[in-house]
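First up is the structure itself, then whatever we jot down about it.
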């Protein structure tokens, strides 16, 4: 009778593959934890010399916009609009940077997964 599958019955995964799976699962948990931590953080950026301040969450939601009185000029609404856009974009850039840093730390752990070329990966 021909054998089915690549492993002998009752043998389970080879040790190296089992370790690889455990490391992958551990990294998945770390990624989920990092994502949750990031989503709970707030990032604040200012523009116009501090005339406009915007706070966003790691979920990329704007939670606060603060304007100094001198930023509000009814004859120059366009400048105020530009300052708000600049502050929002900077706060969102901070979120992206924090996310990239968190993922980079995890990616550094990929080296510990060993040489995957022997597995055809």
Return the total of residues in the range 42-53 being part of a loop (DSSP other than H, G, I, E, B) and surrounded by 14 or more Cβ atoms within 10 Å (Cβ to Cβ). 2
From the list 46, 86, which one is closer than 29 Å to residue 105 by Cβ and over 17 Å from the mean Cα position of the chain (by Cα)? 46
Which numbered condition in (1) more than 25 Å from residue 89 (Cα to Cα); (2) touching a helix residue (DSSP H, G or I) at 6+ places or on another chain (Cβ under 9 Å) is the only one that residue 46 fails? (1)
Return the only residue of 78, 97 being loosely packed, with under 14 Cβ neighbours inside 10 Å, modelled with pLDDT of 85 or more and more than 19 Å from residue 43 (Cα to Cα). 78
Given the criteria at pLDDT 90 or above, farther than 30 Å from residue 18 by Cα, in a helix (DSSP H, G or I) and touching a helix residue (DSSP H, G or I) at 6+ places or on another chain (Cβ under 7 Å), does residue 91 qualify? no
Residue 56 - would you say it is surrounded by 11 or more Cβ atoms within 10 Å (Cβ to Cβ) and modelled with pLDDT of 95 or more? yes
Per-region count, the range 100-121, residues in contact with a helix residue (DSSP H, G or I) (Cβ under 9 Å, 6 or more places away or on another chain), exposed (fewer than 13 other Cβ atoms within 10 Å of the Cβ) and either modelled with pLDDT of 95 or more or not in a helix (DSSP H, G or I) (or both): 1
Note down all Cβ pairs under 7 Å where the first residue falls in the range 27-54 and is on the phi > 0 side of the Ramachandran plot, the second is part of a helix (DSSP H, G or I) and crowded, with 16+ Cβ neighbours inside 10 Å, and they're at least six residues apart or on different chains. 48/71; 48/83
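The values are calculated or read from the model by the stated rules, or taken from the named source; none is laboratory data. As the structure is a prediction and not an experimental result, all values here were calculated from the model. Virtual Cβ from ideal backbone geometry, glycine too; neighbours counted across all protein chains shown.
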